[in-house]
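The values are calculated or read from the model by the stated rules, or taken from the named source; none is laboratory data. Treat the numbers as computed from the prediction; the structure is a model and nothing was measured. Reconstructed Cβ throughout: ideal geometry from the backbone, glycine too, with neighbour counts over all protein chains shown. Surface areas here come from the heavy atoms of the whole protein model, side chains and all, with no ligands, DNA or RNA. Shrake-Rupley method; radii C 1.70, N 1.55, O 1.52, S 1.80 Å.
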Amino acid sequence: GPLTAAAKEVLGSGVTAVAAQRRDRDEVESWLSALARLYVTGTPVQWPCAAAPELSLPTYPFQHQHYWLTAPGSETSTDTLRYQVDWKPVETPTSVGSGRWLIAGHGTAAQRGLTEALRAAGLDCGPVDLPVGADRDTMTDRLTTAGTDSVAGLLSLLALSADADDLLDDTVALLQAATAAGIDAPLWCATSGAVRTGEQDARPDPAQAALWGLGRTAALDLPGRWGGLVDLPETTPAEYASTLAGILGRADDEDQVALRPGGVLARRLLPAGPATPGTWQTSGTVLITGGTGALGGEVARWVARRGAEHVVLASRAGTAAAGATELVEELAGLGTRASVVACDVADREAVTALVRSLGDELRTVVHAAGVGGPTPLDTAEPGDLEAILAAKVRGARYLDEALGDRELDAFVLFSSIAGVWGSGRQAAYGAANAYLDGLAQRRRADGRVATAVAWGPWADGGMATDYEAEDYLRRRGLRPLPPQRAIAALERALAGGDTTVTVADVDWTRFIPAFTSLRPAPLMSDIPGVREALVPAAGPATAALGLRDRLARMPAEQAQRSLLELVREQAAAALGYPAGEPISARRPFTELGFDSLTSIEFRNRLNAATGLSLPAGIVFDFPTPAALAEMLGTELLPDGPADSEEAILRAALAAVPLARFREAGLLPALLDLAGGSGIGPAGSPEGDPDSLDSLDAEALVRLALDGTEA
């Protein structure tokens, strides 16, 4: 306040100067009053920035961390959130898989023909005929009868003949049956028309696309028992038997491939690049399923600003849904009439009646309904998947049927990254969202509008809305999307005519190490920064050897302190703590915030630093940093650190600055003791008089005591 008055006096009457804060006045009121005074005197004010959210600031002056607000992302910045699936040609394998393979299917002529073609290509394989509708026990009996000794792999052809509604349950049952039969070998699933690699492909089958979504989660949940996914052309798949036999035997990690006349294509996720600039407009009536939920409400407000005259909010609860009345009133304030209707989108008749009742005024449909939930593949029972599939899959299917060839401004399907790259213990949810992506591609192939957006987590809504869930996702490398930013990305997708697009804010340096901790992910290998995140600059082997060498030359107590410091540093990094944040040596990891995912990341960091192969549950076996450090000392130094006179001397000499040796006249003697190994005529390595000064004390001591090159 006093400086404001002084500034105005110095700078003259042509300057407007206001105090943003005044003693003994409310801070918010003073701030807004200052902005108002600037505004009415002609100074531009960025009001959205002025209404920034409140932050919890430290109440004492000793916590030196950065708390300034950062500038909000622009609409331009939404381009960095966009990813698309592409298909990359890879080498066609020539060698055939070794060992004996079981080919499981419904015993159709196509299955028998493909099995014979695989045999002719050199693959040792035999058929396992499964009755249509076979349960897990029946499948187990059939696999056992076929013989389970020395089985190298299992190939499922169920997708080529199974009913669309039974395919996922049948595949889960086959996975479980293989385990029950004692088959310790990977399962590959063959499909036909599950994916569309380009315009030359036939229209895709969403039901088989759903199987690919389930398979991506299986790769995470059952990394040792899952093989991969291979899509065959719809016509004469037996012609590709030789290539298929090679796919089953290839030594690389490609696990999502399509066989096409031009060769083998591998699935890749890549940055989508800038969307076509512009805005999207609609008119007439907009139908939003899941319309009374958090995401549906955000979409309703957006379409109201984009020309919708009538917004129909459909949900199972209808007007009884929390916040429905308030949302209708808010939309009315935006000049848009809104109606709330009760409709179970998993009911075909109800969906058909709702679409028919809206008549020709219906211009846009947004399918945002859906529920999530865990579906562990190893214990799922028949019907467990249906509760997750019902709203998303059946709702989308019935809307597609009811709309027919109706001309629309947009048909938007709210999908999820769980369908794009999988999500642990979310097999049904991943399958449901992959179905939506496949449906969008099929509608486009038929010449009808459709856009499926595979969302990352939303902030302030969606299925990860509570603070603990958002914090968990951030530590994993998935930053929840602010609704305004997500809506901006949605508008760009529609304006640019995207068929499928992934929108997620991913910190790949944090996400990819944990995601690939148990199994590689070629899908993401071409994303900039992913490869670098998986390979430390120094290389894990080099770092581990350096650590062992340093520990071996330390006294016992110093070595143990170094290991404890290593554990604490890596624990802080895994938890996402700021640099230098202290970690208690005696506090249990579980109290520090470790869960299964951060435990895996922590384990990976320690493996890279130590060269050990530690189990994923290391923080539960050794519950505190001190206990874990003690165990690492046992593993890294089986004979214990050497408390010998030499070790003590090494530690003491390594702590002395190089200049002190020179000042004391000891440098020539140390070099003489080194035996001149690698020392040129100028008394330095390779004869360079300047390179000696680049040696640290530890390297010099190694020269003196070991006679080895630095």
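For the pair Asn607 and Thr379, the difference between a 0.36 nm per residue extended length and the Cα-Cα distance amounts to 79.0 nm.
In this structure, the amide hydrogen of Ser415, modeled 1.01 Å from its nitrogen in the peptide plane, lies closer than 5 angstrom to those of Val453, Ala454, Trp455, counting only residues at least 5 positions away or on a different chain.
Around the Cα centre of the stretch 112-252, unit charges on the Cβ atoms of Lys, Arg, Asp and Glu (plus for the first two, minus for the last two) sum to a dipole of about 320 debye. I'd like the FRET efficiency for Thr319 and Asp26, computed as 1/(1 + (r/R0)^6) with the beta carbon distance as r and R0 of 51 Å, rounded to 0.05. Rounded to the nearest 0.05, the efficiency is 0.80. Peptide packing for 220-231, 374-385 was compared via the average number of neighbouring C-beta atoms within 10 Å per residue; ordered from the highest value, the list is 220-231, 374-385.
The fraction of accessible area contributed by carbon and sulfur in the stretch 151-225 is 45 percent, rounded to a whole number (1.4 Å probe; ligands and nucleic acids excluded). On the beta carbon distance between Glu199 and Trp47, with R0 = 56 Å, the FRET formula returns roughly 0.75.
Inter-label distance, Ala585 to Ala387: 4.8 nm, where each label sits 7 Å from its Cα along the C-beta direction. Any idea what the relative contact order of the stretch 363-514 is, in percent, if you count C-alpha pairs under 8 Å spaced at least 6 apart? Answer for the stretch 363-514 is 23 percent.
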